[in-house]
Amino acid sequence: MRPVIRIGLVVIVVSLIVWYYQRSKQNGPATELLNIRMEAAPNNLNPFLTSSGYSSHIAALIFQTLGITDPQSYALKPALVKAIPAVRPVTEGAHQGERAYDFEINGAATWENGTSVTAEDFVFTMKLIFHQGLPDTYRKYFEYVSGVEVDPANARKFTVFMRQYYILTLEALCTTPIYPRYNYDSLGRMTNIPLADLLDPEKGKAFAESENGKAFAEVFTSPKFASDPQYITGSGPYRIKSMNGDQGLVLVKKKGWWGNQEVSSNPLLAAYPEQLVFKFVKDETAAQNLLQTGDLDIATDISPALFKAMQQDTHFTRLYDFKTGWVPRYGRILINLRQPDSNLLADVRVRKALAYAIDYDYLLNTVQQGYAKPIAGPIHPSKAYYAKDLSPYTYNPTEAKRLLSEAGWADTDQDGILDKVINGRRVPLSLKLLTSTGTPVSEMTAESIKDKARQIQIEIVLDPQEISTIIKNIGAGNFQLANSAAVNQIGLDELTQPFHSTSAMNRGRYQNPQLDSIIDAIRTTENEPVRNALYVKAQHIIHDDVPVVFLYAAERRYIISKKLDYVLTADGLGFYEQLFHRKAENLK
């Protein structure tokens with residue numbers, strides 16, 4: 001019997017090798033799972049409703065877009081579509097004089113229920129954008145859309161018409177998540193309303209106020225599409241396996257996902273990991289313990305001091321690569337200019353005094369340990385149109401005191417805090433600062449700001465909150481000052497969202513008509529030198545008005561398992577985990 005057993009074992013082993021080899025050829029190097037640390041849980045996995053970078057990052061693994069940003073060149077590459085189109089001038093017909101973009105969805109692209117992704121799903125997504133009863137997060141990017149035509153002979157072909165040039169037209173069209181109509185409008189409430197009606201402000205308003213419009217908005221914004229795995233679905237490679245509140249989230253690769261067969265012609269459709277395990281670990285000691293035991297494969301933004309300490313520990317350097325890279329984001333103190341108590345901040349001299357009261361050298365060299373550089377405005381220093389002639393604010397308590405005195409602030413009651421009579425009432429110069437709890441960088445930054453402000457007799461009251469709560473309070477305008485990072489685009493910067501007076505995403509409620517007109521001009525200026533000059537003018541206005549105190553532009557810090565092959569990027573959170581795979585020598 002022993003020879004038979006040996007032969008049987010050999011057959012089994014050979015079969016396993018053949019199976020593994022075939023699997024590797026089909027799907028690339030196999031990776032059972034990746035363990036990824038995130039500081040906070042996503043707040044909403046309905047992409048049009050989220051205000052969290054973590055939520056958007058995870059949703060991008062479930063929902064696809066027409067195109068995808070190449071992680072290295074940052075050029076737009078095809079995802080759902082066969083090719084990224086060039087603009088086509090329209091020379092005749094109803095859209096004569098406009099600009100057209102012709103798309104064709106990949107014939108292999110399917111939804112999770114097996115049906116094809118079609119042009120009607122794109123049209124449905126556009127209807128979501130222009131539904132006036134839904135948040136207008138994406139609407140400003142599509143302001144110049146005049147219509148969408150579906151090819152009657154090919155359900156996957158469509159053309160988008162734009163009335164005029166806009167700096168982010170192609171990026172907006174190619175990077176907006178596409179929704180499956182069958183899932184998000186199962187009752188067909190949006191089916192009979194033409195997109196043309198929603199593009200018309202009056203007809204669009206009428207629909208939003210209609211029974212169908214209200215019913216659809218109520219369902220679309222309901223919790224089931226935000227957090228229920230049964231209802232969250234897209235054409236991307238992953239679906240939700242489990243969500244465990246603030247503890248973690250597991251995504252699993254779909255069986256027979258349509259992109260598998262397209263990887264040879266489009267490597268950016270690769271999805272190597274079978275499972276993505278997101279561990280929501282805010283506490284750095286807990287994250288360090290997981291790294292110590294090898295239970296994390298990817299961790300970003302460990303505090304600079306701990307990052308440097310771990311980088312000097314041979315145990316960690318044996319297990320992990322330590323990398324840094326620039327990202328288009330900046331640290332800031334966001335100022336609310338419309339809160340009831342904002343009269344304390346309405347005077348630009350007070351805002352400038354705050355800017356001069358911050359010890360930037362401490363933030364750059366101690367808090368950030370050199371992984372950051374000073375900035376003078378919202379544009380990253382790597383951009384060609386960064387205002388190099390602007391000098392960032394520096395720590396200057398003498399100038400801060402002068403400005404406050406000039407603005408009429410004095411310590412009349414000798415309690416160590418400046419005060420002033422406003423509307424017949426003497427008020428102290430006391431401001432509340434929202435800051436994240438349990439994050440060393442935020443805590444050190446907030447304490448430094450508080451201490452330095454006290455030296456010029458401004459009281460800063462720290463209000464530590466969870467990140468998710470801070471996001472909600474900023475969105476609702478429930479703050480005076482907020483220690484909150486901001487993220488910009490990889491490509492041309494769209495200043496409308498954070499600074500235009502008409503933007504719902506202008507969280508500081510800042511208004512400046514001159515800046516509004518410059519931002520409007522930037523959006524529609526095709527001539528690069530002219531546009532760059534406008535960007536510089538905008539930066540000067542923002543610098544002089546101080547609606548935000550800009551702290552620094554920080555590098556992202558990565559700790560990644562040495563067992564992995566990967567490409568880092570400045571886009572999003574700094575990596576596309578679906579492209580990570582085990583190195584050949586670690587495939588076991």
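Put the Cα centre of segment 32-75 next to the Cα centre of segment 427-453 and the gap is 30 Å.
State the percentage of accessible surface on the chain attributable to carbon and sulfur atoms; use a 1.4 Å probe and exclude ligands, DNA and RNA.
Details: 13150 of 26000 Å².
Taking all protein chains in place, the chain shows 51 percent carbon and sulfur surface.
Near residue 236, the amide H atoms lying under 5 Å from its own belong to 63, 64; only residues 5 or more places off or on other chains count, and H is placed 1.01 Å from N. Kindly express, to the nearest 10 degrees and within the range 0 to 90, the angle between helix 513-524's C-alpha long axis and the longest C-alpha principal axis of the chain. That works out to roughly 20 degrees.
Kindly flag which residue pairs out of 140/214; 82/323; 205/279; 388/432; 157/583; 140/279 have an alpha-carbon separation exceeding 31 Å in this structure. Violating the 31 Å limit, Cα to Cα: 82/323; 205/279; 388/432; 157/583; 140/279. The residues of the chain expose, per residue, 44 Å² of accessible area to a 1.4 Å probe. Working from label points 7 Å from Cα in the Cα-to-Cβ sense, the residue 505 to residue 410 distance is 4.6 nm. Peptide packing: for 163-171, 331-339, 209-217, the average count of neighbouring Cβ atoms within 10 Å per residue gives the ranking 331-339, 163-171, 209-217, highest mean first. The distance between label points at residue 427 and residue 214 comes to 3.8 nm (points 7 Å beyond Cα on the Cα→Cβ vector).
Partners of residue 241 within straight-line reach, counting aspartates and glutamates whose Cα lies under 12 Å from its Cα and excluding those fewer than 8 residues away in the same chain: 228, 274.
Averaged over residues, the count of other Cβ atoms within 10 Å places the peptides 245-254, 270-279 in the sequence 270-279, 245-254, highest first.
Panel note: the C-alpha atoms of the chain, placed on their principal axes, show extents of 98, 69, 46 Å (largest first).
In this structure the amide hydrogen of residue 432, modeled in the peptide plane, comes within under 5 Å of the amide hydrogens of 461, 480, 481, none closer than 5 places in sequence on its chain.
By the gyration tensor of its Cα atoms, with a ≥ b ≥ c the square roots of the eigenvalues, what is the shape of segment 95-215: rounded for a/c under 1.5, prolate for a/b over b/c, or oblate? Before the final figure, lay out the partial values.
On the way: a/c = 1.63, a/b = 1.03, b/c = 1.59.
It comes out oblate by the Cα gyration axes.
Under 13 Å of direct C-alpha separation, and excluding same-chain neighbours fewer than eight residues apart, residue 537 reaches these aspartates and glutamates: 389, 516, 520, 545. Across segment 162-179, computed HN-Hα scalar couplings (Karplus, 6.51 cos²θ - 1.76 cosθ + 1.60, θ = phi - 60°) run 10, 5, 7, 5, 9, 4, 10, 4, 5, 4, 5, 5, 8, 10, 8, x, 9, 9 Hz from first to last residue, x flagging Gly and Pro.
In the chain, the longest principal axis of the Cα atoms and the axis of helix 440-455 are about 10 degrees apart. If I fit a long axis through the Cα atoms of helix 119-130 and take the longest principal axis of the Cα atoms of the chain, what angle between them do I get, 0 to 90°, rounded to 10? Compared with the principal axis, the helix lies near 20 degrees. The gain in end-to-end length when the residue 308 to residue 222 segment is fully stretched comes to 26.6 nm, 0.36 nm per residue minus the alpha carbon separation.
When only alpha carbons are used to place a centre, segment 121-197 and segment 320-392 end up 36 Å from one another.
The length gained by stretching the chain between residue 321 and residue 373 to full extension, at 0.36 nm per residue less their Cα-Cα distance, is 16.4 nm.
The values are calculated or read from the model by the stated rules, or taken from the named source; none is laboratory data. Fair warning: this is a prediction, and the values are worked out from it, not measured in the lab. Cβ sites come from the backbone with ideal geometry, for glycine too, and all protein chains shown count toward neighbours. Just so you know, the surface numbers come from the protein's heavy atoms only, side chains and all, with ligands and any DNA or RNA stripped out. Shrake-Rupley method; radii C 1.70, N 1.55, O 1.52, S 1.80 Å.
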